[in-house]
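Q: Encoded as structure tokens, here's the structure I'll be asking about.
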Amino acid sequence: MVRFWYASAVAAGAASLPLAVRAVRTIRDRRYYERQGVLFTKTYPFVGSERAVSGLIDRNKSRDYLYLDHPDTDFVGSIRGFDIQLYAVNREAAEALINPAITGKYIDRDTPARYSFGQLSPSALTFQPITSEHFSDRKRNIGKGFDQERIFAISSRRAAEYSGELAHGAAIDLKSVVAEYTRGVIGEFVWGRDTMSLPVSYKDDAGNVSQEPFMDSLNATFTRLRFYSNRFWNRVHFPMATWPVTREARNLQYNIKQIQDHLSRVLRGTPEPGTVWEHVAKGNDEIGIPLEITRDDLLTASIAGLDTVQNTILATLWYVLLPENSEWREAIESGAHEEKDKIVDACVSESLRLSPPGSTINNKVINDLDVRAEGGKYHLKKGTRVMPNMHALHAKYGDAFLPGRFLREKGSEPYVMPFGKGRRSCPGRNVGTIMAKNFVSEFITNHPDARVSNTGDNDVHFNNISRSNFMVVIDQGGVRESGSVGACPVRAF
Ligand code: HEM
């Protein structure tokens, strides 16, 4: 018996040794950066800054809000898992991380998202180093599929349909309407009308299995994966989100397998003409990319524009419909084509400044590098997580909704990056903006008297981890003339 206890104690000691070594290394690295002038957020042993992040999540805000209040700093540090994570909070520090020409070194992807929605498409471009073979070709193939005229046609048709069908007189949940619009547009754009609706087996959070249209299952699984990985312990130790230890984790893994198997079968067929699927499959096939990687790149293209576009639309409508911003609502309603386009564009841009739906994806230093910023020089060690904090950069311009900032002369706009910047930035920027503008324009033009009915709710924010509602009452008046912006979609950008 004594021997058993002795052996157990030795085994437990041996298992916890690597953890203790990691913890000591983290403390040492933190001191190293503090000596260089990096300010750290409040952290606790083993759980890092996650306690404070929980408070933000409860208020529908993302972790990025932890770093807004350090205007005189270049980098703010925190402890994420056992890693040091540095956030660049001013322009010079952010540019040094984005542009390899400044430091002469690449910084590369290493992101906890891999354990979240990354489970759906682990070999997608999003999770590969920029230096990996065919990175640029694959990104170019995705870009080639993003035909702006086609997304304009699909999104203006669907925006008119959804906007025209809204019930009048009673409060409606705009969030679910916009989610359906976004899912429908992206599904048709990437896969085509028939393929997006093929049935897939889906388990809901109670474990009930049903056959659902492919895009519905994908959207729900993607959103649930992100919410699940945001639970406290899954944030402290990211891989825990993939362990089949809870019913939700097992349900999600069931859905992931169904989606991946379904797509592997679909991709052996013939793509619907003009779809992103057709372009990416053709381009990737020409350079010998295996089907599994093409599947994951297409999965990324199918999910990256769901919650991001949805929240861009909701945030923009929220700001524009608030009584204090009525001048912008009137300007959209009464504007003629090109003028309307510019105004809607400015309203969407200002909403993306105030409420960016996501953040830049986390990266890691792969070779030690020196960064020069406003406050001096920093030596960043291999293995440190780094990213520009777009929320801090955007917050510099205040919290008032002033779309006029984006209507001034070129070059005088605020320094913003809701889509990231540089080679890793969002390839769907134009696609997402067209989708958002068409819905906003259509909705405001048709329902200029719409009234938000939940302005009294606490902590309303729209971003990829928010659970805020958006309740709106539409006047009894009826639908007016269609409001899609700009005659030529490409010219609008
Ligand atoms: C308003 C809507 C959107 C916003 C705010 C947004 C924002 C972002 C951001 C911040 C990133 C990370 C950039 C970085 O880490 O530097 C990203 C990546 C990405 N986005 Fe978007 N996005 C939007 C719409 C879309 C749409 C509609 C698509 C596709 C149809 C898309 C496809 C992608 C892809 C594939 C990546 C990964 C790029 C890579 O890893 O190199 N996005 N997006």
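Q: Kindly evaluate Val344 against the criterion of being more than 10 Å from the ligand (Cβ to nearest atom), in a helix (DSSP H, G or I) and under 21 Å from Ile151 (Cβ atoms).
A: Answer is yes for this residue.
Q: Another one. Quick check on region 31-68: of everything there that is touching a residue at least 40 places away in the same chain (Cβ under 8 Å) and β-branched (Val, Ile, Thr), which residue is farthest from Arg231 (Cα to Cα)?
A: Ranking the candidates gives Val38 first.
Q: Give region 290-300 a look and list any residue that's open to solvent by 20 Å² or more (accessible area, probe 1.4 Å), within 15 Å of the ligand (Cβ to nearest atom) and farther than 17 Å from Met215 by Cβ, or say none.
A: The answer is Ile293, and nothing else.
Q: I'd like to verify a number: residues in region 319-341 that are closer than 29 Å to Asn389 by Cβ, in a helix (DSSP H, G or I) and open to solvent by less than 30 Å² (accessible area, probe 1.4 Å), how many?
A: So the answer is 3.
Q: Kindly list, by first and then second residue, each pair from a residue in region 302-313 that is closer than 11 Å to Val178 by Cβ and not assigned by TED's automatic domain parsing to the domain that holds Lys175 to a residue that is near the ligand (Cβ under 8 Å from one of its atoms) and outside any helix (DSSP H, G or I), limited to pairs with Cβ atoms under 6 Å and residues at least 6 apart or on different chains.
A: Correct list of pairs: empty, since none qualify.
Q: Now for a separate question. Answer yes if at least one residue in region 302-318 is modelled with pLDDT of 95 or more and more than 12 Å from the ligand (Cβ to nearest atom), and no otherwise.
A: yes
Q: With respect to Val371, is the statement that it is open to solvent by less than 10 Å² (accessible area, probe 1.4 Å), within 16 Å of the ligand (Cβ to nearest atom) and assigned to a strand (DSSP E or B) true?
A: no
Q: Scan region 263-289 for residues that are away from the ligand (no atom under 15 Å from the Cβ), over 16 Å from Arg193 (Cα atoms) and crowded, with 22+ Cβ neighbours inside 10 Å and report the count.
A: 1
Q: Name the one entry in Thr445, Thr455 that is of a type in the set (S, T, N, Q) and in a helix (DSSP H, G or I).
A: Just one listed residue meets the conditions, Thr445.
Q: Given Leu225, Leu174, Leu166, which one is in contact (Cβ under 8 Å) with a residue 24 or more places away in the chain and closer than 30 Å to Lys144 by Cα?
A: Just one listed residue meets the conditions, Leu225.
Q: Still on this structure, please answer the following. Could you list, in sequence order, the residues of region 394-432 that are outside any loop (DSSP other than H, G, I, E, B) and within 6 Å of the ligand (Cβ to nearest atom)?
A: Correct list: Arg424, Val431, Gly432.
Q: Tell me, please, whether a residue that is within 16 Å of the ligand (Cβ to nearest atom), open to solvent by less than 20 Å² (accessible area, probe 1.4 Å) and part of a helix (DSSP H, G or I) can be found in region 252-260.
A: Scanning region 252-260 turns up no residue that is within 16 Å of the ligand (Cβ to nearest atom), open to solvent by less than 20 Å² (accessible area, probe 1.4 Å) and part of a helix (DSSP H, G or I).
Q: OK, next. Check whether at least one residue in region 402-422 is open to solvent by less than 10 Å² (accessible area, probe 1.4 Å) and within 28 Å of Asn446 (Cα to Cα), and report yes or no.
A: Yes: region 402-422 contains one or more residues that are open to solvent by less than 10 Å² (accessible area, probe 1.4 Å) and within 28 Å of Asn446 (Cα to Cα).
The values are calculated or read from the model by the stated rules, or taken from the named source; none is laboratory data. Just so you know, these numbers come straight off a predicted model, no measurement behind them. Heads up, the Cβs are rebuilt from the backbone with ideal geometry, glycines too, and the neighbour counts pull from every protein chain shown. To get the accessible areas, we keep the full protein, side chains included, count just its heavy atoms, and leave off ligands, DNA and RNA. Shrake-Rupley method; radii C 1.70, N 1.55, O 1.52, S 1.80 Å.
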